[in-house]
Amino acid sequence: MKRRFTRRTPPILTLGTIAATGMVLYGCGDDAPQDVAFSTPQQCADAGVDAQICEAEYQQALQKHLAEAPHYANLQECEAAIGEGRCFQAGDPGTQNSAGQTSGSGTGFFVPFMTGYLISSALSNLSGYGAYRDYRYSSGYSSTPIYRNRTGDTLTSTISNGQRTSRPVNVNTTTASRYGFGGRSTSRGGFFGG
C-alpha cells in the first residue's frame, strides 16, 4: 500500500511566480492606465464609463476643487487672476438686508469655475459601482479637478504644507471632449465654465 502525502496549502512559489509574470506582462503592454479628461459626467458616461462612476468622480472632483483651488476674497480679485467671467462665489456669502448690511457667517470666497476633471482610464474596466467603491477603497484613487487661468492654461491645484499650489495638467492626458474645456454646463449648477 502506497501512502499519499497531500498538501493542504498550495505551493506559494508557483502563485508568486504567476503573479510576478502577470505584473511584468502588464507593465510591458500599452494598456497602462492614463488620465482621461472629461468636461461633464454625461461625456464620461458617453465614453463608456458606468454613469454612477462618472457622477461619483464628478462630485469628488467638485469637492476637491472647492477645497484646493485658489480662493479669492472677492470677485474682482479672482477675475484679475483667472479672467473675466471665470469665477463664482462658493461657501456661505451671508445675506444682505435692505440696508446693504451682511449677516450670517459670511465665509464666502471666490474660486475659478471647474472646467473638467481627470479620471483614470482604469475606471472604464470596472464592472459597476460596487467594483468602483472597492477600487477606490483599496487604491486610495481620487479624481482631479481642472480649471483654466487667464491665459487659457489648463491647471489643477493641490494643498501642500498648507499652501495652495497650481500646476499645469499633464500634457500626456487624453482629452475626451467634443467642444474642449471651457464650454458652460448649466446642468451642474454653474460650476463648469470657461
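The values are calculated or read from the model by the stated rules, or taken from the named source; none is laboratory data. Nothing here was measured: the structure is a model prediction, and the numbers come from that model. FYI the Cβ positions are ideal-geometry reconstructions off the backbone, even for glycines, and counts take in every protein chain you see.
Worth a mention:
- Boolean, Ser138 is modelled with pLDDT under 95, assigned to a helix (DSSP H, G or I) and among the hydroxyl-bearing types (Ser, Thr, Tyr): yes
- Val49 vs. criteria closer than 30 Å to Ser160 by Cβ, at pLDDT 90 or above and touching a His at 6+ places or on another chain (Cβ under 8 Å): no
- Some residue of the stretch 5-16 being surrounded by fewer than 19 Cβ atoms within 10 Å (Cβ to Cβ), modelled with pLDDT under 95 and under 27 Å from Asn125 (Cα atoms): yes
- Cβ-Cβ contacts under 6 Å between residues 6 or more apart (or on different chains), taken from a first residue in the stretch 136-154 that is more than 17 Å from Ala67 (Cα to Cα) to a second residue that is β-branched (Val, Ile, Thr) and at pLDDT 90 or above, are listed as Asn149/Ile82; Arg150/Ile82; Thr154/Ile146.
- Looking only at residues of the stretch 57-70 that are over 9 Å from the mean Cα position of the chain (by Cα) and surrounded by fewer than 19 Cβ atoms within 10 Å (Cβ to Cβ), we find that the one that is nearest to Thr158 (Cα to Cα) is Ala67.
- Residues (part of a helix (DSSP H, G or I), surrounded by fewer than 18 Cβ atoms within 10 Å (Cβ to Cβ) and small (Gly, Ala, Ser)) located in the stretch 39-56: Ala45, Ala51
- Hey, Ser166 over 25 Å from Gln42 (Cα atoms), at pLDDT below 90, touching a Pro at 6+ places or on another chain (Cβ under 9 Å) and small (Gly, Ala, Ser) or not: yes
- One residue stands out in the stretch 99-134 among those that are over 21 Å from the mean Cα position of the chain (by Cα) and surrounded by 15 or more Cβ atoms within 10 Å (Cβ to Cβ): the one that is modelled with the lowest pLDDT, namely Gly108.
- Scanning the stretch 76-84 for any residue that is in contact with a Lys or Arg (Cβ under 6 Å, 6 or more places away or on another chain), part of a strand (DSSP E or B) and either modelled with pLDDT of 95 or more or not basic (Lys, Arg) (or both) turns up nothing.
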